[in-house]
Amino acid sequence: MILQEEFKKSGYKDILVGNTASEYEINLEDIFDLEQKPEELLCIFISEQRDDLFFLLNGDSMEIDSLCDRWDDRIRVFMIINGKSEKIHKLKYNIVQLIVYSGEIPDKSREGNLLISRKILIKGDITDKNQIVIDDDEVIELPFHMIPTDAFAPDVEQMKRLSQLLPEDEGLLALMEKKRKRVNRKEREGVLDKSFEVQDYEQIREWLKR
């Protein structure tokens, strides 16, 4: 799936596109020099409710720790400059560095560092930076991603196979119902005493042979 499309489906907008930043009252010059946009910065997504801000970053551009530190510094300055803005203050604890890497799994210990901003590292194909491809098992890392309800639907084929394993004989089914008949095993003088009758065990044995 396309990462940027996942954001758009959830109501997020890229404030690097057109006049979106102005519409959300964000001055991009507080984040970077407009004449020298950082190469690693791919998008900046803001939620429809204006309470989440995601910096989409290219994790292949530099070492992860350096990248995180660099953007924590930028975000810190951004928050200081806009410290008195009520709308920016709303974002204060909901700023995320979403770092996409394409190579080997990097050290993800930085995800535990919530200082200044949260960090999330996901793997993706960034050959086309405008359409980053990620797998299903990566998209679940996105806090706003909703898992489709059909993902929890029972496997019809498995249910069918399970039902075929159950005995058809009603008497044998009754034996399997714990509430209707319990097996009590007691050993007396070396003899195992069982509550099932001999015919019950014969029924079970015949079913297991099938």
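For F144, F54, what's the largest-to-smallest order of accessible area, 1.4 Å probe?
Values: F144 35, F54 5 Å².
Most to least solvent-accessible, the answer reads F144, F54.
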- [ ] For K37, tell me the accessible area in Å² from a 1.4 Å probe, rounded to the nearest 10.
- [x] 100
TODO: Report R70's accessible area, 1.4 Å probe, all protein chains in place, as a number in Å² to the nearest 10.
DONE: 90
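Quick check: from the Cα gyration tensor, does the range 1-69 come out rounded (a/c under 1.5), prolate or oblate?
oblate
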- [ ] Find the accessible area per residue for the range 18-104; the probe is 1.4 Å, ligands and nucleic acids are left out, and the unit is Å².
- [x] 53
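Stretched out fully, how many nm does the piece from D69 to I105 gain, at 0.36 nm a residue minus the Cα gap? Please list the in-between numbers first.
Values: separation 36, 0.36 × 36 = 12.96 nm, distance 1.89 nm.
Taking 0.36 nm per residue and subtracting the Cα distance, the gain is 11.1 nm.
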- [ ] Please report, to two decimal places, log10 I(q)/I(0) for the range 10-162 at q = 0.14, 0.15, 0.16, 0.19 Å⁻¹ as given by the Debye formula with identical point scatterers on the Cα atoms and no solvent.
- [x] -0.72, -0.82, -0.92, -1.26
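Could you work out how much longer the chain between R161 and E35 gets when fully extended? Use 0.36 nm per residue separation minus the Cα distance between them, nm to one decimal. Write out the running numbers ahead of the final one.
Values: separation 126, 0.36 × 126 = 45.36 nm, distance 6.37 nm.
So the chain would gain 39.0 nm between R161 and E35.
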Open item on the list: Sort 124-130, 47-53 by the packing proxy (mean of other Cβ within 10 Å over each peptide's residues), most packed first.
Closed with: 47-53, 124-130
Task: Carbon and sulfur %, accessible surface of the range 14-65 computed with the full protein complex present, 1.4 Å - done: 37
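The values are calculated or read from the model by the stated rules, or taken from the named source; none is laboratory data. Keep in mind that what you see is a predicted model, and the values were worked out from it rather than measured. Note: ideal-geometry Cβ built from the backbone for every residue, glycine included; neighbour counts use all protein chains shown. Heads up: the accessible areas ignore ligands, DNA and RNA and are worked out on the full protein's heavy atoms, side chains in. Shrake-Rupley method; radii C 1.70, N 1.55, O 1.52, S 1.80 Å.
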